[in-house]
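Let me begin by presenting the structure, written as structure tokens, before commenting on it.
All of the numbers you see were taken from the coordinates with simple rules; none came from a lab. Bear in mind that the values here come from a model prediction, so they are computed numbers and not experimental data. Here the Cβ positions follow ideal geometry from the backbone for every residue, glycine too, while neighbour counts run over all protein chains shown.
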Amino acid sequence: MEHSNDNDDDDTLFREAVKGARPLKATRLHHSQPKPKPIPQQFIRDEQQALVDSLSDGYIPSHELESGEELLYIREGHSPDILSKLRRGHWVVQAAIDLHGMISDEARLYVATFLAECKKRGIRCVRIVHGKGLGSKNREPVLKHKLRHWLMQKDEVIAYAQARANDGGSGAVIVLLKA
């Protein structure tokens, strides 16, 4: 029974300690922010390197379609109707990036990261502006040709076509991604 006596003493002490206190008005209490999780820098570097390594510049599949300078591509097993729909603007462009002024390695990482992010977010149709090459050494569209190879290597890319004039024309490509 000594145990219950201790509880009575505790209750008495507590009541004595708070007897002059008034209840707070119902207001929001501000809690301090939890500490942010540490950023795994090496993991991020490894992931970026894996994205870069997943795209090479020399990849050319046999089923690539190219008419003159216009870029067209459809992954094997998909209906050619997809290309005509893509060229007509059937799908709404949900995200876009611009590679102007980037060097090849920079652009490759940017494209790989962009596509991975789109896949995560469920984005289906994107525009990638690669430029017309007017600012490059031989006034050649270097990134245009490299982008073509990179996109064909990404499993999530179903098709791509040169953008319509109001979307960037020969300086951009519209890409359809898997759902």
Flag if residue 179 is touching a Leu at 6+ places or on another chain (Cβ under 8 Å) and either at negative phi or in a loop (DSSP other than H, G, I, E, B) (or both): no
Among what's in the range 89-103 and is over 17 Å from residue 165 (Cβ atoms) and of a type in the set (Gly, Ala, Ser), pick the residue that is surrounded by the fewest Cβ atoms within 10 Å (Cβ to Cβ). 101
Quick one: how many residues across the range 78-104 are among the β-branched types (Val, Ile, Thr) and outside any loop (DSSP other than H, G, I, E, B)? 2
Scan 86, 115 and give me the residue that is touching a residue at least 60 places away in the same chain (Cβ under 8 Å), surrounded by 16 or more Cβ atoms within 10 Å (Cβ to Cβ), more than 14 Å from residue 162 (Cα to Cα) and not β-branched (Val, Ile, Thr). 115
Given (1) part of a strand (DSSP E or B); (2) surrounded by fewer than 19 Cβ atoms within 10 Å (Cβ to Cβ), index of the condition residue 161 fails: (2)
